[in-house]
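Colleague: Just dropping this structure here.
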């Protein structure tokens, strides 16, 4: 069985607004994010990890921020398209581990809904997706509450049967 690992990272600066979108869930917050699409750092990092594992480039190659079709785009649609590209190359997701980096908002109250959305979009069971959050103890841009970031790591396996 062929296995591949991919890593993705995304960051968005905070700006005007009253919520952030994380894994397709609208999470109340004192700010929004500045982004071309909906600014979902979890999904953007996950897409990059999937593309990287399958050697398919990155999210900017497939969904460029210079393309007006993606202005305000729902990142869940992009994730489903990314997964379809992997399936077309005969890759399946084994698991994904995502780490949100921010002082706020707190994600624990929304974690189950976030995992459910990702599982639905990826076509996998809930035991294959993990989301956790950490702060930077006040250090760096995240610590100064200037933005939010996410790291994603995935394992994919080549499909051996149709």
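Colleague: Which of (1) modelled with pLDDT of 95 or more; (2) part of a loop (DSSP other than H, G, I, E, B) does residue 64 not meet, given it meets every other one?
Modeller: The single condition residue 64 does not satisfy is (1).
Colleague: If you scan the range 117-162, which residues turn out to be outside any loop (DSSP other than H, G, I, E, B), in contact with a helix residue (DSSP H, G or I) (Cβ under 7 Å, 6 or more places away or on another chain) and farther than 17 Å from residue 49 by Cα?
Modeller: If the condition is that a residue be outside any loop (DSSP other than H, G, I, E, B), in contact with a helix residue (DSSP H, G or I) (Cβ under 7 Å, 6 or more places away or on another chain) and farther than 17 Å from residue 49 by Cα, then 117, 126, 147, 148 are the ones that fit.
Colleague: Right, next: Is it true that residue 81 is closer than 24 Å to residue 1 by Cβ and either surrounded by fewer than 22 Cβ atoms within 10 Å (Cβ to Cβ) or in contact with a strand residue (DSSP E or B) (Cβ under 9 Å, 6 or more places away or on another chain) (or both)? Spell out how you get there, then give the answer.
Modeller: Numbers: closer than 24 Å to residue 1 by Cβ: no; either surrounded by fewer than 22 Cβ atoms within 10 Å (Cβ to Cβ) or in contact with a strand residue (DSSP E or B) (Cβ under 9 Å, 6 or more places away or on another chain) (or both): yes.
Answer is no for this residue.
Colleague: While we're here: Report every pair of residues separated by at least 6 positions or lying on different chains whose Cβ atoms are under 6 Å apart, first residue within the range 52-80 and within 15 Å of residue 35 (Cα to Cα), second at pLDDT below 95 and not in a loop (DSSP other than H, G, I, E, B).
Modeller: That search, which allows pairs on different chains as well, returns 63/70.
Colleague: In the list 10, 48, which residue meets the criterion of being at pLDDT 95 or above, assigned to a helix (DSSP H, G or I), buried (at least 19 other Cβ atoms within 10 Å of the Cβ) and touching a helix residue (DSSP H, G or I) at 6+ places or on another chain (Cβ under 6 Å)? Before the answer, list the steps.
Modeller: Details: 10 fails: assigned to a helix (DSSP H, G or I).
Only one candidate qualifies: 48.
Colleague: Do you know which of the residues in the range 13-44 that are in a strand (DSSP E or B) and free of Cβ contacts under 8 Å to residues at least 40 places away in the same chain is nearest to residue 156 (Cα to Cα)?
Modeller: The first filter runs over the range 13-44 and keeps only residues in a strand (DSSP E or B), leaving 13-15, 19-22, 25-28, 32-33.
Imposing the further condition that a residue be free of Cβ contacts under 8 Å to residues at least 40 places away in the same chain reduces the set to 15, 19, 26, 32.
Numbers: 15: 35, 19: 32, 26: 28, 32: 32 Å.
Filtering the range 13-44 for residues that are in a strand (DSSP E or B) and free of Cβ contacts under 8 Å to residues at least 40 places away in the same chain, the one nearest to residue 156 (Cα to Cα) comes out as 26.
The values are calculated or read from the model by the stated rules, or taken from the named source; none is laboratory data. Bear in mind the structure is a predicted one, so any value in this text is a computation, not a measurement. Note that each Cβ is placed from the backbone with ideal geometry, even for glycine, and that neighbours are counted across all protein chains shown.
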